[in-house]
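Asks: Sharing a structure, written as C-alpha cells. Questions coming.
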Amino acid sequence: MMTGQAGLLELSAGSALLLGGREWAVSSVEAQYGRVLLRSGGEEQRRSIRWLAHHPDCRPVPGDDAAVPARPGGQPPVLEDLTGYQREAVRLRVAHLLEAETGFRSGDPLHPEPGEPRPAYDPRTTMLGQRRRAKAAELNALGGGEAALLGLGSVSERTLRRMADAWKARGPAGCIDGRWLRPRAGHPSITEEVREAIFAVRKETRDRSRTSVKDKHVLVAQYVAEKFGADVPVPGYWTLRKVWREWSGPGGTRPRYDRAADGIEAAKVHVTVSRPGQVVALDTTPLPVKVRDGVFGDPVTAFLTLALDMFTHSAVAFRLTLVSDTAVDIAMLLRDIMMPLPMRDGWGPEMEWPYPGVPAGLVADFAGHRVAGLPFFAPETVTTDHGGPYKSHTAVAAQQALGCNVLPARVLRPQDKAACERAFGSLRSLLFEHLPGYTGIDVADRGADPGAAAVLTLTQMEHLVAEWIISVWQKRALGEHAPAWGPGGEHSPNTLFAAAMNQGGFALQIPRPELYYELLPVHHVKIHADRGVKIGGLWYGRADPALKPYEGKPSGRGGKHKDAWVIRDDRRDRRQVFFQDPADPGKWHALRWNGLPPEGEIPAFSDRTADELLREARVAGLSPKSDDDLLPVLLRLLGGVAPVSQWPSQMGKKEKNARARETAQGDQAARDWHGPAPSAAGGEGTVVPLRWPEQASRARDAIDAERRRRREQAVPQRPAPPGTLGDKLRSTSLLALPEEDEE
C-alpha cells in the first residue's frame with residue numbers, strides 16, 4: 001500500500017490504477033528494488049514506487065458506487081448536494097458502517113446507544129472481519145425494499161471495506177450513493193428555451209405526416225424566434241439531430257404506430273427467464289413453401305404454429321394446418337408441449353431421448369413408446385399474439401385445465417415474442433429456402449410459379465420439419481443467446497435443457513388421455529328422450545346406450561347452467577360429440593350424429609360445413625323432422641355425388657381447397673383423439689395416395705345405403721311379383737265366355 005495524490009493505492013500483482021486517465025494493471029512488484037511492472041494492452045513500463053507516489057494524476061480504478069465519487073471528473077459531492085431524504089439515508093448508511101467498524105452506531109464507545117454493543121458487533125469479542133460479515137448478512141436479510149431505500153440492496157464484506165476507506169478519506173460524504181448524484185449529461189448549447197422548443201415541436205409533429213429533421217430544425221428555430229426573440233441562439237442541425245435521436249429515438253417507426261405507442265406505458269417489471277417452461281411463446285405464420293393437399297394433390301398454402309421455450313430456445317411443439325389455427329388447435333398445441341414426441345419410421349438412435357439424468361428407457365415406459373430428443377414439460381406462462389383463437393373462451397378454459405397462464409403480448413412491443421419471430425427467420429433461411437415450392441419473403445421475391453414446383457404433401461412436410469428440429473435446431477449453437485451463468489461457452493437448446501435438468505431436476509409428468517376431452521369446447525344442454533342432445537344445430541346420441549339412463553333427467557348441477565349436462569365437441573370433426581359418464585368419470589362416450597347412415601361412413605366435416613349445411617337447408621325451404629333428411633344436403637356439400645359438375649376435374653379451386661381443408665382438419669382431430677398412427681411417418685419414399693376416389697366411393701356407398709333404408713322403411717314386405725302377359729289374356733278370355741253364351 002502507498003499514499004498518493006488520490007489517497008490509498010494498492011500495489012500488488014493483479015491490482016489496477018489510473019495514470020493520466022489510462023488504466024494500467026500491476027503485473028509484478030519488485031519490492032527489493034522499489035519498483036513495479038505496469039502493463040496496458042501490449043505496452044509494458046517499469047516505474048519506481050516513488051515516481052508513482054508523486055505522480056500528479058495517479059488514483060485507483062473506480063469500483064463500487066458506494067465508495068466512488070459521484071463526479072470523478074469534477075468536484076466531489078458534498079452533503080449540501082442532497083435532498084433532506086437523501087441526507088437521512090446517508091446518516092443511516094454511516095450508522096451501519098460505524099457499527100461494523102467500531103461496534104457502535106455513533107462510532108464513539110463513550111456514547112453508546114441503548115443495547116450497544118450488540119453481541120455480533122462487540123469489539124471485545126469479535127474481529128473486524130467478523131463484524132463486517134455479520135453486517136452484510138444483516139443488511140441482506142432486511143429484504144429488497146428496506147435495503148434498496150438505503151442503496152444497500154446487495155452488500156458484501158468488500159463493499160463495507162470500500163465504504164470504510166471512503167469514510168476515512170472524505171467523512172460522511174464518502175458514503176453518498178454514486179447513483180444519487182450522477183454527472184450532468186447533455187449539451188451546453190441546449191438551453192431551457194431550446195429545450196422547450198424541442199418538446200413543443202415534438203408534440204406538434206406527432207400528429208402530422210412524416211417530416212425530416214431538417215424541417216424540425218426550422219420549426220424549432222421558428223418557435224424560439226417568435227416566443228423568446230431572435231437574440232436567443234439555436235444550435236445547428238447536426239446538434240439538434242443528435243439531441244432529437246437521444247430524446248425521441250431514431251424515428252424509424254411509422255407515424256401511425258408511433259402515435260399508438262405513445263399511449264402505452266412501459267412495463268415496470270423485467271422478467272428474467274431462469275428455467276425451462278417458465279415462459280413459452282406461441283405464434284403463427286404462413287408457411288413459405290407450397291405443399292400438396294392430401295385429397296386432390298393441388299398446391300396449397302399451409303400455416304405453421306410454433307411453441308418456443310424462451311429459456312432453452314427449444315421448439316417444443318409445432319403444427320401445420322391448411323387453415324389458420326383455431327382455438328382447438330391452440331389448446332391441442334399446449335397439450336403437445338406436455339407430451340413426449342414419439343419416434344417415427346426412419347429415425348435412428350441419434351434421434352432418441354439424449355438428456356442425462358433420466359434414462360430413455362424410463363421415459364419410454366412412462367410414455368408407452370420410444371421418445372424422440374425433444375424437451376417436454378408443463379408450461380407456466382404462455383405468451384401469444386392478439387389473434388382471436390388465442391383470446392377465445394376455449395383458450396381460457398385450456399389454461400385452467402393445464403394450470404398455466406396465457407398472457408397476450410403487449411401491443412406494439414415486439415420484444416415479448418422476438419425470439420419466436422427470430423425462430424421463424426431461422427427456419428426460413430436454414431430449411432424452407434432449400435425446398436421446392438419456396439415462395440420467398442414477399443410477393444415481389446416470388447418465383448414465376450412456386451405451386452408447380454411443390455412436391456411435398458402436408459404429411460411429408462410435417463415429418464420433415466419434425467426431423468429438422470430434432471436433428472438440427474436442437475443441436476445448433478445459439479450464439480448470443482448464451483445464459484448469464486455461461487456467457488463464454490457455446491450452448492444449444494439441448495445443452496441448456498440438460499443443464500437445467502442437472503440444476504433443478506426434471507418432473508417426469510405425462511398428461512393422461514382424458515386431457516384431450518377436457519380441452520374441447522363445452523356446451524350445456526338438456527338430454528331429450530327422443531332425439532338426444534342438440535349441439536350447434538345438429539342432434540347427437542339418439543337411442544345411444546350411454547344417454548339412456550339420463551334422458552329427460554336434470555344433471556343436479558347448480559350455478560349459471562342449472563340442471564344442464566356438459567357435452568364437449570371438436571369443431572374440426574362434427575360427426576360426433578363427447579359425453580362424460582357421471583357414474584364413471586374416467587369414461588367418455590362418443591355420441592354420433594343422428595344423420596349418419598347406419599352403414600358406411602361419410603368424410604369428416606367441420607363446424608363451418610355444418611353451418612353451411614343448415615343454411616342450405618333453410619334456403620331450400622326444408623323443414624326436416626330429423627337430421628336424417630339433412631344427409632343428402634351434406635353429401636352434396638361434400639362433393640361426393642355423381643353429377644358431372646361435381647367431378648374433381650370440374651370442381652373449382654375454391655371448392656377443392658375447401659374439401660382438402662375439411663379432410664386435413666378431420667385427420668388432425670383423429671390424431672389428437674386416438675394418437676398418431678404408427679405408420680404415419682411419411683418418410684422418404686412414402687407415397688401418400690390421393691383420397692378423392694376413396695371418398696367419392698364412400699359417399700356413393702353412403703347415399704346408396706340411405707336410399708335402400710328409405711325404400712325398406714316405405715315397403716316393409718316385398719310385394720308379390722305380377723303375373724305374365726299370357727295369364728292376363730287367359731283370364732280375360734274366360735270372363736268374356738258367359739256373355740257370348742247368353743247371346
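Asks: Between residue 110 and residue 195, 0.36 nm times their residue separation minus their Cα-Cα distance comes to what?
Replies: Stretched fully, the residue 110-residue 195 segment lengthens by 25.1 nm.
Asks: Separate question: So which of 203/417; 391/560; 534/562 end up more than 20 Å apart, counting from Cα to Cα?
Replies: 203/417; 391/560
Asks: I need to check one value: relative contact order of segment 2-61, counting alpha carbon pairs closer than 8 Å and at least 6 residues apart, in percent.
Replies: So the answer I get is 40 percent.
Asks: Between residue 584 and residue 237, how many nm apart are label points set 7 Å from Cα along the C-beta direction?
Replies: With each label placed 7 Å out from Cα toward Cβ, I get 8.3 nm.
Asks: Let me ask something else. Using 7 Å Cα-to-Cβ label points, what is the residue 228/residue 507 separation (nm, one decimal)?
Replies: Label at residue 228, label at residue 507, 6.0 nm between them.
Asks: Given H placed on each backbone N at 1.01 Å, which residues far from residue 381 in sequence or on other chains put an amide H within less than 5 Å of it?
Replies: 279, 280, 405
Asks: Highest mean first, how do 45-54, 297-306, 528-537 rank when packing is the count of other Cβ atoms within 10 Å averaged over residues?
Replies: Those peptides, ordered most packed to least, come out 297-306, 528-537, 45-54.
Asks: So who's got an amide H within less than 5 Å of the one on residue 35, skipping anything under 5 residues away but keeping other chains? H placed 1.01 Å off N, in plane.
Replies: 30, 49
Asks: Whole-Hz Karplus ³J(HN,Hα) for segment 385-397, in order, using 6.51 cos²θ - 1.76 cosθ + 1.60 and θ = phi - 60°, x for Gly and Pro?
Replies: 8, 9, x, x, x, 6, 10, 6, 5, 5, 5, 5, 5
Asks: While we're looking at this one, here's another question. So, R0 is 22 Å and r is the distance between the beta-carbons of residue 550 and residue 618; what FRET efficiency does that work out to, to 0.05?
Replies: Calculated transfer efficiency: 0.10.
Asks: Suppose each label sits 7 Å from its Cα in the direction of the beta carbon; what would the residue 560-residue 28 distance come out to in nanometres?
Replies: Going from the residue 560 label point to the residue 28 one covers 8.0 nm.
Asks: If you don't mind, there's one more thing I want to ask. For segment 500-511, just list the computed ³J(HN,Hα) in residue order, Karplus coefficients 6.51, -1.76 and 1.60, θ = phi - 60°, integers in Hz, with x standing in for Gly and Pro.
Replies: 5, 5, 5, 7, x, x, 9, 8, 7, 10, 10, x
Asks: Once you have a ≥ b ≥ c as the square roots of the Cα gyration tensor eigenvalues for segment 79-175, tell me rounded if a/c is under 1.5, and otherwise prolate or oblate according to whether a/b is larger than b/c.
Replies: prolate
Asks: Another question, if that's okay. Kindly rank 565-572, 317-324, 121-128 from highest to lowest mean number of other beta carbons found within 10 Å of each residue.
Replies: Highest-to-lowest ranking by the protection proxy: 565-572, 317-324, 121-128.
Asks: Which residues' amide hydrogens lie under 5 Å from the amide hydrogen of residue 154, considering only partners 5 or more residues apart or on another chain, with H built in the peptide plane?
Replies: Residues meeting the criterion, in which the H sits 1.01 Å from N, do not exist here.
Asks: Another question, if that's okay. I'd like the FRET efficiency for residue 475 and residue 154, computed as 1/(1 + (r/R0)^6) with the beta carbon distance as r and R0 of 30 Å, rounded to 0.05.
Replies: The computed FRET efficiency comes out at 0.20.
Read the figures in this text as sums done on the coordinates, not as results from a lab. Treat the numbers as computed from the prediction; the structure is a model and nothing was measured. Counting neighbours? That spans all protein chains shown, and the Cβs are built from the backbone with ideal geometry, glycine included.
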